[in-house]
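As structure tokens, the structure follows; a few thoughts come after it.
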Amino acid sequence: MLQTMLDPFYGIGYAVILNSWLFLLMGWDKRKAQKHQWRIPEKRLLLLGLFGGGLGGLLGIQLFRHKTREPKFKIIYSLGCFLMIFVLIYFF
């Protein structure tokens, strides 16, 4: 069972799905901000970035020009990228 969970397919799939999800959330949150509507909590965006969605978050910052003035997002998303790369290299 554990060997199946450590299959590279699952690790890469996890990274792709999480990064894609955070990227889409960054775009959605930017749109909501422009319309002065309900927003996605910063805590949720930061946690997704820390748990492996950092690349999607960094791409979202650049493409959508969202959260560019807040250094904590760039720091946490960069840390999330490094952690995901480390996990993928170490376990797979």
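Below, the figures for the structure above:
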item	result
Sequence-distant lysines (8 or more away, or on other chains) whose Cα lies within less than 20 Å of residue 74	30, 43
Given charges at Cβ of Lys, Arg, Asp, Glu: the range 1-90 dipole, positive-most of 88, 64, 47	64
Rounded accessible area of residue 17 (nearest 10 Å², 1.4 Å probe)	120 Å²
Rough spin-label spacing in nm, given labels placed 7 Å along Cα→Cβ, for residue 50 and residue 78	1.7 nm
Label point distance in nm, residue 70-residue 10, each placed 7 Å from Cα along Cα→Cβ	3.3 nm
Net dipole in debye of the range 6-92 [+1 Lys, Arg Cβ; -1 Asp, Glu Cβ; about Cα centre; nearest 20]	600 debye
Cα-based reach from residue 32 at 16 Å (exclusive), listing aspartates and glutamates while leaving out same-chain residues under 8 positions away	42
Which labelled figure in (1) 38, 12, 11; (2) 27, 13, 10; (3) 19, 17, 13 is semi-axes √(5λ) of the Cα gyration tensor in Å, once derived from the coordinates	(2)
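The values are calculated or read from the model by the stated rules, or taken from the named source; none is laboratory data. All values derive from a computational prediction rather than experimental measurement. When we count neighbours, we look across all protein chains shown, and the Cβ atoms used for this are built from the backbone with ideal geometry, even at glycine. When the accessible area is computed, the model is the full protein with side chains, heavy atoms only, and any ligands, DNA or RNA have been set aside. Shrake-Rupley method; radii C 1.70, N 1.55, O 1.52, S 1.80 Å.
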